[in-house]
Amino acid sequence: MQKRFKSRFLFCDRWLDRHAIVRNMEAFQDLIVIILCLGLFAVMLLQLWGILIALTQPLDYKAVTAKILFVLILVELFRLLMVYLQEHSIAVGVAVEVTIVSVLREVVVHGALEISGIHTAAICGLLLILGGLLIVCAKTPHMDCISANTKLCPIVHKGSQERHNELEFQYSRHYDEHQPLG
């Protein structure tokens with residue numbers, strides 16, 4: 001009796017292959033992300049053109065600063081999409097950075113003095129939470145790093161090195177106990 005491959009469905013005599021379906025869906029997702037990247041790049045170019053136009057007219061610092069910060073947010077989103085294309089996972093640290101810059105952009109656009117006390121407290125709380133999350137993301141190694149078990153991952157490599165040293169110590173102690181003393 002032959003065993004069914006785990007990568008195949010039960011019906012249709014292996015007509016549907018899960019690996020092929022997943023591979024095709026990942027390729028389609030990559031295509032969507034590439035289209036989003038091209039769209040973001042086009043929006044960045046339009047915003048840069050708007051900044052150049054705004055600099056030729058009487059200067060409105062608030063509007064120009066808001067446009068520049070918006071371009072920086074778009075650059076960070078572009079970077080987030082690039083990380084997704086390379087690793088097929090969302091970089092939480094980059095997403096938190098984008099959120100922090102977005103919140104600060106809104107404060108700059110609306111003016112810190114024009115925001116009510118409750119909104120200011122809420123923004124401060126949000127920034128504290130996002131800052132804490134950013135610190136946690138910086139201290140936590142990426143899951144790919146942990147599963148790869150490479151020297152570049154500080155936690156796994158350190159643990160495997162300690163295990164190796166412990167096994168070496170146990171072996172030398174075992175060898176010394178069974179060695180004749182004379």
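The values are calculated or read from the model by the stated rules, or taken from the named source; none is laboratory data. All values derive from a computational prediction rather than experimental measurement. Cβ sites come from the backbone with ideal geometry, for glycine too, and all protein chains shown count toward neighbours. With ligands, DNA and RNA removed, areas are computed over all heavy atoms of the protein, side chains included. Shrake-Rupley method; radii C 1.70, N 1.55, O 1.52, S 1.80 Å.
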- Message: Let me spell it out: the conditions are (1) open to solvent by less than 90 Å² (accessible area, probe 1.4 Å); (2) more than 30 Å from THR140 (Cα to Cα); (3) at pLDDT below 90, and GLY39 meets all of them except one. Which number is the exception?
- Response: (3)
- Item | Given (1) at pLDDT 85 or above; (2) over 30 Å from ARG23 (Cβ atoms), index of the condition ARG173 fails | (1)
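Quick one: how many residues across the range 102-111 are of a type in the set (A, V, I, L, M, F, W, C) and open to solvent by 50 Å² or more (accessible area, probe 1.4 Å)?
2
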- Item | First in the range 125-150 and charged (D, E, K, R), second anywhere and assigned to a loop (DSSP other than H, G, I, E, B) and at pLDDT below 65, Cβ under 6 Å, 6 or more apart | none
- Within the range 44-62, can you find the residues that are in contact (Cβ under 8 Å) with a residue 24 or more places away in the chain and open to solvent by 60 Å² or more (accessible area, probe 1.4 Å)? LYS62
- Message: Take the conditions at pLDDT below 95, surrounded by fewer than 11 Cβ atoms within 10 Å (Cβ to Cβ) and of a type outside the set (S, T, N, Q) and apply them to ALA20. Does it pass?
- Response: yes
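Taking SER160, is it of a type in the set (S, T, N, Q), open to solvent by less than 60 Å² (accessible area, probe 1.4 Å) and either at pLDDT 85 or above or farther than 20 Å from ALA66 by Cα (or both)?
Judged against the criteria, SER160 is a match.
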- Across the range 63-81, the tally of residues that are under 20 Å from GLU97 (Cα atoms) and without any contact (Cβ under 8 Å) to a residue 24 or more places away in the chain stands at 4
- Message: I'm told GLY131 meets every condition in (1) open to solvent by 40 Å² or more (accessible area, probe 1.4 Å); (2) under 23 Å from the mean Cα position of the chain (by Cα); (3) at pLDDT 90 or above; (4) not β-branched (Val, Ile, Thr) except one. Can you identify the failing condition by its number?
- Response: (1)
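Residues checked against (1) among the small types (Gly, Ala, Ser); (2) out of contact with any strand residue (DSSP E or B) (no Cβ under 8 Å at 6 or more places or on another chain); (3) under 30 Å from ASP30 (Cβ atoms); (4) open to solvent by 40 Å² or more (accessible area, probe 1.4 Å):
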position	(1), (2), (3), (4)
LYS67	no, yes, no, yes
VAL75	no, yes, yes, yes
ARG79	no, yes, yes, yes
GLY93	yes, yes, yes, no
ILE100	no, yes, yes, no
LEU113	no, yes, no, yes
ILE118	no, yes, no, yes
ALA121	yes, yes, no, yes
LEU126	no, yes, no, yes
